[in-house]
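What follows is calculated from the coordinates using simple rules that are stated; it is not laboratory data. Because the structure is a prediction, the values reported are computed rather than measured. Cβ sites come from the backbone with ideal geometry, for glycine too, and all protein chains shown count toward neighbours.
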Amino acid sequence: MIQHDHICTPGFVGERFTDRGYDLVLHQVVPKAHFRSPNVETQFPAPTSFDVIITMGAPWSVYDHETIGSWVLPELAMLRDAHVDHVPVFGICFGGQLLAAAHGGSVSRAGAPELGWVEIESDDESLVPGGEWFQWHYDRWELPDAATELARNANSSQAFILDRNLAVQFHPEMNSAILASWMATGGTEEMNALGRDVDELVRQTAERDASNRERAHKLVDLFLDHVAVRSEVGHG
């Protein structure tokens with residue numbers, strides 16, 4: 001699990017991988033002490049050392065090479081290597097945008113940010129369930145040519161599959177503890193700047209902790225059972 005900072009933690013997603021018998025190995029890219037100066041050096045392990053790669057969210061932009069180029073470019077190369085070696089990848093928000101950029105798509109500023117619980121429409125409930133998922137992003141991807149879009153809303157594409165890669169724009173791992181850490185590291189200021197109600201978001205998230213755990217666990221199961229096991233790259 002590639003954890004890009006100290007606040008985008010595994011949550012319900014990591015919990016379900018552990019339930020399914022996986023040993024969760026965390027590779028944290030940016031230490032807490034460098035959160036405000038994230039252009040650090042890191043050495044990504046070889047994809048073939050793992051059965052699955054999960055690449056998590058981050059508060060930065062995939063295309064902001066001035067801020068995070070020291071590690072985002074090597075990570076893009078590592079994700080391409082994973083694809084060549086048939087290692088399944090599950091990309092979450094920033095991680096999904098990385099998958100898009102790594103495989104010939106692009107990432108740019110979205111027309112509007114999405115912060116909070118947002119409705120998405122799914123083409124295939126057997127891969128990505130529709131409904132409300134937690135979102136916190138300012139950017140959007142353009143699909144790689146080889147990708148199949150699975151979900152969207154009026155603002156942006158929300159999920160795609162590309163061989164053994166699954167990208168989602170939302171945060172299935174979200175729970176109240178993670179949200180609290182985001183609020184404490186700039187999230188409150190972001191919400192206030194957009195005129196959003198912080199207390200309401202905290203309340204909504206607390207109310208959804210149990211149901212979102214179930215939905216996150218289901219999404220992980222769908223990834224493991226229907227995407228990660230695709231027997232031949234390029235074919236369903």
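So residue 150 fits all but one of (1) among the aliphatic types (A, V, I, L, M); (2) in contact (Cβ under 8 Å) with a residue 60 or more places away in the chain; (3) touching an Asp or Glu at 6+ places or on another chain (Cβ under 6 Å); what number is the exception? (2) is the only condition that residue 150 fails. For first residues located in segment 197-216 and within 23 Å of residue 129 (Cα to Cα), partners that are of a type in the set (Val, Ile, Thr) and part of a helix (DSSP H, G or I) and lie 6+ apart or on another chain with Cβ distances below 6 Å form the pairs 216/13.
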